[in-house]
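To start, the structure under review is shown below, and the notes come after it.
Just so it is clear, none of the values below were taken in a lab; they were calculated from the coordinates. Treat the numbers as computed from the prediction; the structure is a model and nothing was measured. In this analysis, Cβ positions are derived from the backbone assuming ideal geometry, glycine residues included, and neighbour counts consider all displayed protein chains.
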């Protein structure tokens, strides 16, 4: 008893890492951080000098157990918060944060079930926390990621994804990418176009393997991917979804 | 704008629900009194307006209304909610 309600904490940016032309990862110092589970998010709150406040949710991209809390922020051009977080702030700047938050869109490696990850754009962030956690725990649970990105340049954590998928030490995850807005570069062996049944089928882990699926991205992407998974025969209760919408900026 | 394009889902209000209920709520179950669907709060549709409106992912029936007022949050629940909390 006497459980604390979710407190707002003052946090400071320690480092900023560019990820793509429009996305940056903020590495945060969070005093008293209680630790998190893969897939959870935080709320952040910015307060202007006149007292106006804006609040947004961001997925935690770093793995549980890592010392840092990392958030990847994609700039939405007409957004209210993301242009500030991607263009204006620097190391030492701070804001308020509360978390970790969430229990539905969370992956627990102890479940020992295969995992099917489907991400659209910056919806990769919480799925990356899962893949990073999977590597850190050394579990050989079958994991497959299908990522939809506009262009190859827009793929978050691209080098790390390649390393993860090539890792020979433990069973590497299967990573497949589909590009929706450009002609693929020469030698491209990934998919092209919007996510569809064939891609999900080729990705593997059919319903008979009873995977747990995590789908994250913009609302229309998530609706479509979740619909396709259920149509392919996956149990709706095993398809976990997280959407971000027009106010996400 | 396409209708329905303004929704996200119940994950987004995990923070405000945890503040009010002092427990993680996105994994809580809710049975819809309209269509009978049993689904978790995180899977519900969330509509943004002056506050938030949470709706059944199956039929769109009202599940909760969340009003953020200065200094307090007011939540009205609809349907049958099942809130589990690990005992200590």
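A few points about this structure:
- Footprinting exposure proxy for A:216, B:32, B:59 (fewest neighbouring C-beta atoms within 10 Å first): B:59, B:32, A:216
- For the residues of A:239-245, the average number of beta carbons from a partner chain within 10 Å of their own beta carbon is 6.
- Computed from the Cβ-Cβ distance with R0 of 35 Å, the FRET efficiency linking residue B:23 to residue A:209 stands at 0.60.
- Selected from A:221, A:191, A:105 as most flexible by GNM, with chain A as the system and alpha-carbon contacts under 10 Å: A:191
- Annotation for residue B:80 and residue A:15: the two label points, set 7 Å from Cα along the Cα-Cβ direction, are 5.2 nm apart.
- When each of the peptides A:134-145, B:36-47, A:9-20 is scored by the mean number of other C-beta atoms lying within 10 Å of its residues, the order from highest to lowest reads B:36-47, A:134-145, A:9-20.
- Rounded if a/c under 1.5, otherwise prolate or oblate - the protein assembly as shown, Cα gyration tensor axes: rounded
- At R0 = 22 Å, FRET efficiency that the Cβ-Cβ distance of residue A:93 and residue A:66 yields, to 0.05: 0.55
- Using a simple spin-label model with pseudo-atoms 7 Å out from Cα toward Cβ, residue A:111 and residue A:150 lie 3.2 nm apart.
- Note on A:92-103: average number of Cβ atoms from other chains within 10 Å of each residue's Cβ is 4.
- Contact order relative to length of region A:34-183, as percent, for alpha carbon pairs under 8 angstrom and 6 or more apart: 24 percent
- Exposure proxy order (Cβ contacts within 10 Å, fewest to most) of A:68, A:183, A:196: A:183, A:196, A:68
- A Gaussian network model of chain A, with springs between Cα atoms under 10 Å, assigns the largest mean-square fluctuation among A:230, A:73, A:106 to A:230.
- Maximal additional length on extending the residue A:160-residue A:77 stretch stands at 27.2 nm, based on 0.36 nm per residue less the C-alpha distance.
- Between A:91, A:186, A:218, the Gaussian network model of chain A with springs among Cα atoms under 10 angstrom shows the greatest mean-square fluctuation at A:186.
- Sorted fewest first by neighbouring Cβ atoms within 10 angstrom, A:96, A:80 come out as A:80, A:96.
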